[in-house]
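Read the structure below first, then the notes.
The values are calculated or read from the model by the stated rules, or taken from the named source; none is laboratory data. Note that the coordinates shown come from a computational prediction; the quantities given were computed from them, not determined experimentally. Cβ placement follows ideal geometry from the backbone for every residue including glycine, while neighbour counts extend to all protein chains displayed. Side chains are part of the model used for accessible areas, which takes the heavy atoms of the whole protein and leaves out ligands, DNA and RNA. Shrake-Rupley method; radii C 1.70, N 1.55, O 1.52, S 1.80 Å.
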Amino acid sequence: MKLYVNGIEHDLETPPLESLLTALREELAITSPKAGCNQGGCGACTVIVDGEPRRSCLTPLAAIDGASVTTVEGLGADGALSPIQAAFFDHYATQCGFCVSGFMLAAHTLLEREPGAGRDRIIEGLAGHLCRCTGYVKIVEAVEAAARGDVDLSRDRDRESEFLTEGSQA
Amino acid sequence: MAKHRGRGIATIEYPTGMNQNGDPSQAWVKLKPDGRVDVFAGTVDIGQGSRTVHTQIVADTLGVPYDWVTMDNTNTDSSPVCTGSFASRGTFIGGNAVRFAAEKARERVLDIASKELEIDPADLEIADGEVVAKGAPDRKISISDVAAAATWVHGELITGTGAALKPYAVVDDDTGKVDIDPHSAISYAACVAEVEVDDETGEVTVEKMVQVYDVGRAINPMLVEGQIDGGAMMGLGLGLLEAAYPYYPSAEHRGGEFGAYLMPSLEDLPELDNVIIENPSADGPFGAKAIGEMANNAQPPAICAAIHDAVGVWVTECPATPERVLRALDERAEPRRDGKRVIFDEAVSVRGVSANAGKDAEGHGFILVDD
Amino acid sequence: MTHSTNVLVPQSPEEAVASFGDGAGITVVAGGTIVMPELSSGRLRPERALVLANAGLDGISAANGAVTIGATTPVLALVGATPEPLSTFAAYVGDYEIRSQATIGGNLCAPPGPESPRGDLQAPLLALGARIRSAGAGGERTEPVEDFLAGGEGRLVLAIEVDEPTSSGASAIGRPHAHNYTIMAVAAAAGADGVRVAVTGAGPRAQRLPSVEQALAGGADATAAAAKATDDVTPADDALASAWYRARMLPRLVEQALSQL
Amino acid sequence: MKAVGARLPRYDGLAQITGQVRYVDDVRVPGTLWAKALRSPHHFAGITKLDTGKAEAMEGVHAVITKDDVPLNVYGHLSALGVPGDEPLLAEDEVRYKGQPIAVVAAETEELAQAAVESIEIAYDEREPLFDMRKAFDADAAPIHPWGPVYNHFGPPDHRRIRKGDVEKAFADADVIVQGVYRPQAIEHCPLEPQTALVVPEADGRLTIYSCTQAMYFSMGVVAAHLQCPLNRLKFVGGTVGGGFGGKVDTATETVCALLAMKSKRPVKWRWTREEEFLASSTRAPWHMEIADAVTSDGWILGRKMLTLHDAGAYTRFSSYGLTKHAFHHTGAYTIPNLNFNGYVVFTNRVPTTAMRGFGVTSVSYAAEMHMNRIADVLGLDPFAVRLKNANRIGDLTGNMVRLKDPSTVAVMLAAAERIGHELPAELRGMTNEPRTGELLPEHLKASVATNGSED
């Protein structure tokens, strides 16, 4: 089996009936997709396969031989955040963080399918993803902001520099 | 078929810290030679953002920029005791531990600065990463320089430890009376839920919740909002959706997957209108009380009150599933009136179910008003 | 155990049929949404697995008033592209990701879940009088969906054929919950031979409601016909809803669906 | 002040959105073995045979543990606070809930571990389970534990009591007595990260325990007690958790992994499947609460009698703690001068219940607020008005005789009323939390609130 994961070609030893999630986590040590249920029920394992969001726990490797896979590790280019990542960060759309990779990848593809999607379309598009903490309010706000293009992409990945310049209220 | 709207109110209170106290949190703060600050505390971040809150508290207590502060809560070798992230104790008790540690470190900063500036520590203050003489703002030294002097000149480590512990409150087993306060503070909240009830399907939709929380002081309002938003959804699940045992007390038909367990999803998200009140506590860090645990307590009764307002029936078993709402509508049960007594729900009471006539071994009644 | 499973990935319909053979000891993986959790958990340990992703069994085509749907056509592709009430039911399934991965053939063959109904699409296929083309022991055959559901286990679905109804109806319990299984849903379709009505979620598999259909044929109005619905099914308790609630809701759902005809 | 009060981004926010936060299952150590458990298929049964010989003999299986491998098998989550331990880490001669762990295997793969579990020979003597806590007091109730179905260590009584004022007089003086029963049910915690632990035996004899606990030191104490070892034998690594909500205060996986790692001398990881989470992880407790309030026609609550049953499931865990907290808060955000509260922790053959967000108080918030709304309805009064009248004020005494210093019932209610445009009469609009005076200090409150000697 062969996969292109975040642009890098991998020949996999994981058996072909194992899930894409298992291959990513156990063989390639790409751990952002999470095994929240291994039942397809939570969306924490969602990754992008050939441009479409997929529950990686439900996807046998044999069905996607040769596919291109994107995880959040490959979402931004060269150390920069992608718009959806910047929006999730700015809007505090994470609490424990376990669901966030799946949410962001699903939202990223949703906005590619439906640029400018409004609140109802965002809720419908992401409704299969669970956040128990539950940060739904701020997740929706983040995706709405990304849909509007209202994100700050100049953010440095280094946490030093940002913090007291904008948040402070003295 | 008709849909009915209703509104219900609930007001709650919730204690900060473990009940009866006796739950320590400890912390250690040290400065690097350039004045950057390391915080060691065992507070587990379960998503509530305790690392953020702890570092905010340390930054302001020491008087350094926030981005000077790092925190290690990763292991029990480097971090002293934290009883745990539960009982809404992180910000108050964990926060006090790091505050106390930072205050000690602050004293050491002033001591060293005093030597460098040759000014009595009592005449010094710290602001924006600098130690400044009170009334003489041109006489100052940066904390970076203080830390460097401590390291390279005075041969000292600027550090501080802190421990927060309220003593264990003893309960009188006969009366429940405690000898001392059994909590660190008490937070309060009110929730008004607006629902729509379909009287033919029993389905309830929460349209809006107005929620007011007194958190003492919102150390980080964004994190507080996260707790309020999240609690609202969890409370909605408690009130309307979730049941580990759908046919309680039967233990059958437990779902084994998310697809068969009704957890709140984005589709259940109502309009949330949050109001944060800051009525500071006397002892919490910067006046903080707590927010985490209480955040899912007010919604279930507010929702069930709103159901009553909408269709006139009390659903007193949570969650208020469509089936329970429909059965209540079918029954339209009126309370039994006996003299001045107004008695609801007799059939489900202990005496309504138990075979032992509702008395315990000491003859105390399991019925509310003794015969 | 997936390590010891012989995995077959046919590259054409013919190869799929040949690989499937008589179906003995083989597990078919179409979309994977139902079978993968069984495989990953080790509850299912097949000798052989047939992965249909590249078998060319997908696609929707129309000719002579009939619509033919390949077995591995994703549920998502059915929405807006197939006759009602199938299209509406397809939109009930899961979320975007599940719909784009799950297939009509897999949904048709779905066994009931341990504590939930599955196989939502069985109801509209029953209402539409779908014809199922399948391969397996005794070769290929085409049969009515009722017959397939009654005895189709161990066969490889190749395609599903439905006719455009003259009118249709669909109704479902509850607010949509993309991560939960549909609790109960009713499909109705009117065609040349009358009205067919089917329900999913009232039994282990979807069922037609013959008493309702007969009442309609006998001239009953929607309300009167819908009242017969509980004559045909005996709902059970599961984790999502009780038998009582389902029995209470069924006539209402039937009436709603019939009112759309 | 700069940082406090600011809407600063999460400390770990960038790590979260770039997939760099490492949860326990993201930690990889070469040579790790995988654990799987044999769990009870019955709600209540005696174990008449347990033979792990075949499992131990399987190639690739490196350790099998049962009760005999645990230095201190029976321990309680609150044993350190003096609550008697009643829960075995691995079942002794009985299983008291479906899903209770009996034996755990460590093997080269999860599949192999599962196969080894299935090879364990076990036989049960099934018993009639008890599920209805209301029936625990029946003479013929199943004795789930040797001491019966009720926790009996609240000092001398077998229940938690609150006694304040003269409740019989309050009921005699009342215009109306309103009674009701409230029954919130169990829910699952459902953190998206399942219970997971990885334990690495280090060369120096220490154990590094990668844990998803919400409470590292608390869990370290539990593990050390079971292992009967000093704390410096253990190093907990954690601090980052994929959701807990109280369920990860249970030390569910760490001790078993530690024992397997010690026995196999290999790193061992145990990650529960979602099915196991639903089957065997603890839940929020179901509660049964009966309230009778003595009230006046104009909305004063003179007294409350309350009975609470808390369904602990099969073992105590934190139940006695939760019930005491519940008792302390059973008047809600209001001051009631005369109280008689009796609360019982009742055992049933359910998965043990544990802490969950709002522990002990979520239940009573539901009951007390439902009851408050019923009182308002029965009396024909505005539910805001009844609440404000009885609201906690500075100087009021709670049921456990704590003098309130800064209650905010009034503040949050007035803010809520304003936000929704609910009209209130001027005397209510002008209320504060200041100590009661005038009409808000009626005779029945004077006696037991303002002049009680137990202040401070």
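Full extension of the segment from C:Ile60 to C:Ala217, taken as 0.36 nm per residue of separation minus the current Cα-Cα distance, would add 53.3 nm.
Throw me the Rg/Rh for region D:123-245, computed over C-alpha atoms with Kirkwood Rh, two decimals. Result: Rg/Rh = 1.14. Between rounded, prolate and oblate, where does region C:1-103 land on the alpha carbon gyration tensor, with a ≥ b ≥ c its root eigenvalues, rounded for a/c under 1.5, else prolate if a/b exceeds b/c? Oblate, because a/c is 1.5 or more while a/b does not exceed b/c. When +1 charges are put on Lys and Arg Cβ atoms and -1 charges on Asp and Glu Cβ atoms, the dipole computed for region D:301-456 relative to its Cα centre reaches about 520 debye. Projecting the Cα atoms of B:Pro322, B:Ser25, B:Ala133 onto the charge dipole of chain B (Cβ charges, centred on the Cα centre) puts B:Ala133 farthest toward the positive pole.
Here the accessible area is traced with a 1.4 Å probe on the protein chains. For region D:39-187, carbon and sulfur cover 49 percent of it. Helix D:319-328 and the longest principal axis of the C-alpha atoms of chain D enclose an angle of approximately 10°. Once backbone amide H atoms are built at 1.01 Å from N, B:Glu207 has B:Glu194, B:Val195, B:Glu196 as its partners under 5 Å, excluding neighbours fewer than 5 places away on the same chain. Between chain B and chain D, roughly 11700 Å² of accessible surface gets buried, counting both sides and using a 1.4 Å probe. Between the amide H of B:Leu157 and any residue lying 5 or more places away or on another chain, no distance stays under 5 Å, with hydrogens modeled in the peptide plane.
Ranked by the mean number of other Cβ atoms within 10 Å per residue, highest first, peptides B:48-59, D:289-300 order as B:48-59, D:289-300. Around the amide H of B:Cys82, modelled in the peptide plane, lie the amide H atoms of B:Gln26, B:Gly42, D:Tyr217, all under 5 Å away and 5 or more residues distant in sequence or on another chain. Ordered by 1.4 Å accessible area with all protein chains kept, B:Asp67, B:Asp123 run largest first as B:Asp123, B:Asp67. The accessible area of D:Tyr11, taken with all protein chains in place and a 1.4 Å probe, comes to roughly 40 Å².
Accessible surface of B:His4, taken over heavy atoms with a 1.4 Å probe and every protein chain present, rounds to 60 Å². Karplus-derived 3J(HN,Hα) values for region D:424-431, using 6.51 cos²θ - 1.76 cosθ + 1.60 with θ = phi - 60°, are 10, x, 4, 5, 7, 4, x, 5 Hz; glycine and proline are entered as x. Among C:Glu14, C:Glu164, C:Glu97, the residue with the largest mean-square fluctuation in a Gaussian network model of chain C, with springs joining Cα atoms closer than 10 Å, is C:Glu97.
Surface composition of region C:73-155: carbon and sulfur atoms hold 55% of the protein heavy-atom accessible area at a 1.4 Å probe.
For chain D, take the longest principal axis of its alpha carbons; what is the angle in degrees between that and the long axis of helix D:361-379, to the nearest 10 within 0 to 90? Long axis of D:361-379 versus the principal axis of chain D: about 30 degrees.
The residues of chain B expose, per residue, 32 Å² of accessible area to a 1.4 Å probe. Atom-type composition of the exposed protein surface of region B:64-108 places 53 percent of the accessible area on carbon and sulfur (1.4 angstrom probe).
Please check region D:191-229 for residues whose accessible area, probe 1.4 Å, is lower by 20 Å² or more when all protein chains are in place than in their chain alone. So the qualifying set is D:Leu192, D:Pro194, D:Arg206, D:Gln214, D:Ala215, D:Met216, D:Tyr217, D:Phe218.
Contact with the other protein chains removes 30 Å² or more of accessible area, compared with the isolated chain and a 1.4 Å probe, from these residues of region B:319-342: B:Glu323, B:Leu326, B:Arg327, B:Asp330, B:Lys340, B:Val342. In this structure chain D gives 30 Å² per residue of accessible area when probed at 1.4 Å with all protein chains present. Given axes a ≥ b ≥ c from the Cα gyration tensor, I'd like to know whether chain A is rounded (a/c under 1.5), prolate (a/b larger than b/c) or oblate. Since a/c reaches 1.5 and a/b is larger than b/c, the shape of chain A is classed as prolate.
Projecting each Cα onto the charge dipole of chain A (Lys/Arg +1, Asp/Glu -1 at the beta carbon, about the Cα centre), which of A:Thr109, A:Ser82, A:Val140 comes out farthest on the positive side? Ranked along the dipole, the leading option is A:Val140.
By a 1.4 Å probe calculation restricted to protein chains, C:Thr82 has an accessible surface near 10 Å², given to the nearest 10. Spin-label model, C:Asp147/D:Asp51: points 7 Å from Cα along the beta carbon direction are separated by 5.2 nm.
For region C:196-204, backbone phi angles converted through the Karplus equation (6.51, -1.76, 1.60; θ = phi - 60°) give residue-by-residue couplings of 10, 10, 9, 10, 10, x, 9, x, x Hz, Gly and Pro being listed as x. Remark: accessible area buried at the D-A interface is about 3200 Å², both chains counted, probe radius 1.4 Å. Within the listed set B:Ala298, B:Ala333, B:Ala164, the Gaussian network model of chain B (springs between alpha-carbon atoms below 10 Å) gives the highest mean-square fluctuation for B:Ala333. Averaging Cα coordinates gives a centre for region B:118-182 and one for region D:256-322; these two points are 39 Å apart. For region C:1-99, the per residue solvent-accessible surface stands at 38 Å², with DNA, RNA and ligands left out and a 1.4 Å probe.
The modelled label-to-label distance between D:Glu202 and C:Glu47, using points 7 Å beyond Cα along the C-beta direction, is 5.2 nm. Charged side chains reduced to their Cβ positions (Lys and Arg at +1, Asp and Glu at -1) give region C:19-142 a dipole of some 220 debye around its Cα centre.
The alpha carbon centroids of region D:22-69 and region A:58-74 are separated by 32 Å.
In chain D, the longest principal axis of the Cα atoms and the axis of helix D:216-227 are about 50 degrees apart. In sequence order, region B:252-262 has phi-based couplings of 7, 6, 7, x, x, 8, 4, x, 10, 10, 7 Hz under the Karplus curve 6.51 cos²θ - 1.76 cosθ + 1.60, θ = phi - 60°, and Gly or Pro positions carry x. When D:Met262, B:Met263 are compared by accessible area of protein heavy atoms, the largest-first order is D:Met262, B:Met263, using a 1.4 Å probe. What separates the Cα centres of region D:91-128 and region B:45-108 is a distance of 42 Å.
Taking the charge dipole of chain B about its Cα centre, with +1 at Lys and Arg Cβ atoms and -1 at Asp and Glu Cβ atoms, the residue from B:Pro80, B:Pro301, B:Leu236 reaching farthest to the positive side is B:Pro80. With the simple spin-label model, which puts each label point 7 Å out from Cα in the Cβ direction, the C:Glu140 to D:Gln20 separation comes to 5.6 nm. Diffusion coefficient (Stokes-Einstein, Kirkwood radius over C-alpha pairs, 4 °C, 1.567 mPa s) for chain D: 53 µm²/s, rounded to a whole number. So for the protein assembly as shown, Kirkwood radius off the Cα pairs, Stokes-Einstein at 10 °C and 1.306 mPa s: how many µm² s⁻¹? Taking Rh from Cα pairs, D becomes 50 µm²/s.
The mean of 1/r over all pairs of different alpha-carbon atoms in region A:1-81, once inverted, gives a Kirkwood hydrodynamic radius of 12.4 Å.
Where is the GNM fluctuation largest for chain B (alpha-carbon springs, 10 angstrom cutoff): B:Gly235, B:Gly339, B:Gly155? Looking only at B:Gly235, B:Gly339, B:Gly155, the biggest GNM fluctuation is shown by B:Gly339. For the chain pair A and C, the buried solvent-accessible surface (1.4 Å probe, both sides summed) amounts to about 2100 Å².
Note on the protein assembly as shown: with charges restricted to the Cβ of Lys and Arg (+1) and Asp and Glu (-1), its dipole about the Cα centre is near 1340 debye.
Globularity index of region A:73-115 is 1.12 (Cα radius of gyration / 2.2 N^0.38 Å, N = number of residues). Compared with the direct C-alpha span, the chain from D:Glu423 to D:Glu59 gains 123.5 nm at full extension, assuming 0.36 nm per residue. Using all pairs of distinct alpha-carbon atoms, the Kirkwood hydrodynamic radius of chain B works out to 24.1 angstrom.
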